[in-house]
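Here is the structure we will look at, set down as structure tokens.
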Amino acid sequence: MELLNANPPVVQMYNMISEKWMRYFQKLAYSQLERAPSGPNATPRTAAYAWFHDNDIPEAPISKRIELLTGLNVRGPLASEALQIAAYAFGGHVELHYDSVIDLVHENLNFHQPAKRPILT
């Protein structure tokens, strides 16, 4: 783990996912990849995505590993988003953007309360 900034604390973690887990995620995602949405409100990107919840990936408990390394609660329906796996073709990209917290799952939550704001990406 490398401390990139002390205040606010920003760290970069290395080698969190083993080669075995990466191959597992790639194999699992391959048949479920979908093109990124396009349209006037979509972030310009050239990628395909698949999303997985913990119960979809029992052989690779990544949420548990994140909790052990960070001390944050990331498991549960409102604790975090599903694992996103992205596949980029040659020359693929994602434009700089802010992640939105407004969607059908979160629309009933008040994200103006500090306890509800995203703290990690």
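Some observations on this one:
- Residues in the range 60-71 that are at pLDDT 85 or above and in a loop (DSSP other than H, G, I, E, B) were compared, and the one that is nearest to Met22 (Cα to Cα) is Pro61.
- Residue match in the range 95-114 (condition: modelled with pLDDT under 70, more than 17 Å from Tyr24 (Cα to Cα), more than 13 Å from the chain's Cα centre (by Cα) and not in a loop (DSSP other than H, G, I, E, B)): yes
- One residue stands out in the range 58-82 among those that are under 17 Å from Leu28 (Cβ atoms) and among the small types (Gly, Ala, Ser): the one that is surrounded by the fewest Cβ atoms within 10 Å (Cβ to Cβ), namely Ala82.
- Any hit, the range 49-57, residues being surrounded by 13 or more Cβ atoms within 10 Å (Cβ to Cβ), under 29 Å from Leu3 (Cβ atoms) and either of a type in the set (Gly, Ala, Ser) or modelled with pLDDT of 75 or more (or both): yes
- A count restricted to the range 14-32 and to residues that are small (Gly, Ala, Ser) and outside any helix (DSSP H, G or I) stands at 2.
- Selection within the range 1-13 - surrounded by 10 or more Cβ atoms within 10 Å (Cβ to Cβ) and in a strand (DSSP E or B): Val10, Val11
- Criterion (within 16 Å of the chain's Cα centre (by Cα), at pLDDT below 85 and at positive phi) met by exactly one of Gly39, Gly91, Gly76: Gly76
The values are calculated or read from the model by the stated rules, or taken from the named source; none is laboratory data. All of these numbers come straight from a predicted model, not from anything done at the bench. Here the Cβ is made from the backbone with ideal geometry for all residues, glycine too, and neighbour counts use every protein chain on show.
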